[in-house]
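Step one of this worksheet: look at the structure below.
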Amino acid sequence: MKHLFPTYKRFPFELVKGNGVTLTDNNGKQYLDLTAGIGVCNLGYNTAPIKAAVKDQLDKIWHTSNLYESSLQEKVAALLVKNEAKDVYFCNSGTEANEAALKLARKASGKNKVLAFDHSFHGRSYGSLSLTGNAKIKEGFGPLVPNVKFAIYNDPQALTEITSDLAAVILEIIQGEGGVVTGDPAWLKAVAAKCKEEKVLLIIDEVQTGIGRTGTLFAYQHYNLDPDIVTLAKGLANGLPVGAMIGKAELAPAFGPGSHGTTFGGNPLAMASAAAVLKILDHEFLESVQQKSLFLWHYLLKEIQPLELVREVSGKGLMVGIHLKEDIKVEKIITSLQKQGILTLSSRDNTLRLLPPLIITGSELLHAVQIIKSTLANAIISQ
Ligand SMILES: *Cc1c(COP(=O)(O)O)cnc(C)c1O
């Protein structure tokens with residue numbers, strides 16, 4: 001029964017059930033989940049109001065083409081733009097959202113060069129892969145889309161690369177796949193300012209950082225940035241496939257009828273779920289994420305950062321990277337934590353990555369990080 005392309009290295013168990021922040025595998029073993037898929041099920045599993053919204057929609061209609069009006073798409077778009085002069089294009093993934101962003105930026109600006117950053121991740125289609133600063137995943141697939149330059153993330157030198165001949169700059173506020181590298185606030189602001197000055201569109205990829213992950217709806221809100229285009233996916237529909245590109249309304253003429261599209265984008269089930277997600281993510285909910293984060297970061301800095309095996313702890317909100325020294329491979333820690341009933345992720349550069357569902361409680365977080373601490377503390381001795 002081996003008929004799947006071996007594109008994924010899979011752990012030897014299957015997750016068959018989820019409730020809240022607890023997952024159960026095919027052997028009946030339970031796990032506390034610190035992955036949320038990969039930052040997708042931000043509101044946990046089997047979440048009553050989301051399930052009810054999807055079930056309700058399931059009984060009405062699953063699919064209509066985008067040839068007809070969609071009040072559900074309008075509803076989700078309104079929840080995302082909050083009265084700002086912005087428009088939304090719905091698709092099915094982060095890759096597609098970035099693909100749309102690249103196309104829109106080129107067409108709207110009439111320019112074609114783009115600046116992206118080393119260690120960025122924007123997807124794996126030709127456009128989004130071309131914007132991705134990771135040579136390993138591009139290997140063997142060339143030639144890619146031309147006219148994409150790369151600069152070093154957080155490097156002031158990158159500012160000199162932002163010149164008026166660029167259509168756009170694309171970046172993540174925290175590089176998720178790139179090792180949970182947190183953007184320096186002053187640098188992010190300087191990049192945004194230089195983009196404005198040079199009339200270069202700023203695209204912020206919030207596929208991983210958005211939808212409450214860092215304690216605000218979008219991570220760029222921490223720094224009062226004003227991106228021209230924002231891309232979303234992962235957490236937006238809590239596990240149903242969806243992507244979205246939000247752009248300033250002035251860009252709309254470049255995306256007129258027939259210019260871009262997708263069969264499934266804005267699917268009613270995904271939209272019903274997204275509307276339920278965004279309704280839950282109100283001010284109060286986001287405050288609670290910030291509170292939990294404060295508590296978590298206090299513990300991380302006091303108890304995890306000083307550990308012998310740890311180089312650095314990075315991230316923001318409930319997006320955490322624990323960078324391990326080379327003495328031990330992060331995969332070993334992940335496997336050991338699985339045995340102890342905790343699911344975690346890795347990221348580039350031997351980093352243990354935590355993206356827990358945002359509904360996790362403070363005591364569940366404490367329980368998890370205590371186990372991570374003892375696992376890291378004992379790892380050298382036991383290997
Ligand atoms: C996951 C991710 C993507 C790609 O999203 P898909 O839904 O897998 O296509 C793009 N950008 C960032 C920042 C991501 O984390």
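Computed from the coordinates by the stated procedures, all read-outs in this text should not be read as laboratory data. A quick note: this is a predicted structure, and the numbers were derived from the prediction, not measured. Backbone-built Cβ (ideal geometry, glycine too); neighbour counts: all protein chains shown.
Rg to Rh ratio, region 52-101, alpha-carbon atoms and Kirkwood radius? Can you show the working numbers first?
Working: Rg = 12.8 Å, Rh = 12.8 Å.
Computed over Cα atoms, the ratio is 1.00.
Amide H to amide H, which residues 5 or more places from residue 266 or on other chains are under 5 Å from it, using H placed in the peptide plane?
91, 243
In whole Hz and in residue order, list the ³J(HN,Hα) couplings for region 271-287 that follow from phi through the Karplus curve 6.51 cos²θ - 1.76 cosθ + 1.60, θ = phi - 60°; x for Gly and Pro.
5, 4, 5, 4, 4, 5, 4, 5, 5, 6, 6, 8, 3, 5, 4, 5, 4
Reachable lysines from residue 248, Cα under 16 Å, same-chain residues fewer than 8 places away excluded?
82, 86, 103, 107, 196, 199
Before rounding to the nearest 500, sum -39500 (n - 2.57) across all DSSP H runs of length at least 4 in the chain and divide by the residue total; then give [θ] at 222 nm in deg cm²/dmol.
For the chain, the value works out to -10500 deg cm²/dmol.
Ratio of Rg to Rh for region 324-383, alpha carbon only, Kirkwood?
When Rh is taken as the Kirkwood radius, the ratio is 0.96.
Against the 2.2 N^0.38 Å scaling, with N counting residues, where does region 164-220 land? I'd like the Cα-based Rg ratio to two decimal places.
Cα-based Rg divided by the globular estimate yields 1.16.
Expressed as a rounded percentage, what relative contact order does the chain have, with Cα pairs under 8 Å and six or more residues apart?
The value is 22 percent.
Taking region 102-210, how much of its Cα-Cα pair set, in percent, is spaced more than 21 angstrom apart?
Working: 1733 of 5886 pairs.
So the pairs more than 21 Å apart make up 29 percent of the total in region 102-210.
With a 10 Å Cβ neighbour count serving as the proxy for reagent exposure, in which order, fewest first, do 62, 297 appear? Could you put the intermediate results ahead of the total?
Details: 62 10, 297 18.
Lowest to highest Cβ neighbour count: 62, 297.
Rounding to the nearest 20 debye, state how big the charge dipole of region 43-99 is about its Cα centre with +1 on each Lys and Arg Cβ and -1 on each Asp and Glu Cβ.
Numbers: 6 positive and 8 negative charges, 56 e Å.
Charge dipole, region 43-99, about its Cα centre: 280 debye, nearest 20.
Hey, which aspartates and glutamates would be in cross-link range of residue 194, C-alpha to C-alpha under 17 Å, not counting anything within fewer than 8 residues on its own chain?
155, 161, 165, 172, 184, 226, 228
When each pair of different Cα atoms in region 176-306 is counted once in the 1/r mean, what is the Kirkwood radius in angstroms, to one decimal?
This gives a value of 16.9 Å.
Rounded to whole Hz and in sequence order, give me ³J(HN,Hα) for region 4-16 from the Karplus expression 6.51 cos²θ - 1.76 cosθ + 1.60, θ = phi - 60°, writing x for Gly and Pro.
9, 4, x, 6, 10, 8, 9, 6, x, 8, 10, 8, 10
Name the shape class, rounded, prolate or oblate, that the alpha-carbon gyration tensor gives for region 299-354, where a ≥ b ≥ c are the square roots of its eigenvalues, rounded holds for a/c under 1.5, and otherwise prolate holds if a/b is larger than b/c and oblate otherwise.
rounded
Name the long-range amide H neighbours of residue 315: under 5 Å, sequence gap of 5 or more, or other chain; modelled H, no Pro or chain starts.
The list, which skips near neighbours in sequence, is 182, 321.
If you put +1 on each Lys and Arg Cβ and -1 on each Asp and Glu Cβ, how big is the dipole of the chain around its Cα centre, in Debye rounded to 20?
The calculated dipole for the chain is roughly 640 debye.
In whole Hz and in residue order, list the ³J(HN,Hα) couplings for region 111-128 that follow from phi through the Karplus curve 6.51 cos²θ - 1.76 cosθ + 1.60, θ = phi - 60°; x for Gly and Pro.
After applying 6.51 cos²θ - 1.76 cosθ + 1.60, I find 10, 10, 7, 9, 9, 10, 10, 4, 6, 6, 9, 10, x, 10, 7, 4, x, 5 Hz.
Would you mind ranking 245, 1 by Cβ crowding within 10 Å, fewest neighbours first? Intermediate values should be presented prior to the final figure.
On the way: 245 28, 1 3.
Ordered by Cβ neighbours within 10 Å, fewest first: 1, 245.
About its Cα centre, how strong a charge dipole does region 1-121 have in debye, to the nearest 20, once Lys and Arg get +1 and Asp and Glu get -1 at the Cβ?
320
In percent, what relative contact order does region 166-236 have, based on Cα pairs under 8 Å that are 6 or more apart in sequence?
34
Express the relative contact order of region 1-129 as a whole percentage, based on alpha carbon pairs under 8 Å and six or more residues apart in sequence.
That works out to 13 percent.
For a test of the definition: using alpha carbon positions, the gyration tensor, and the 1.5 limit on a/c, classify region 49-280 as rounded, prolate or oblate.
In terms of gyration-tensor shape, prolate.
Which lysines, on any chain, are close to residue 332 with Cα under 17 Å apart, when same-chain ones fewer than 8 places away are left out?
Reachable lysines: 9, 373.
Only bridges whose two residues both fall in the chain count here: according to DSSP, what percent of them are antiparallel, nearest 5?
On the way: 33 of 50 bridges.
In the chain, approximately 65 percent of DSSP beta bridges are antiparallel ones.
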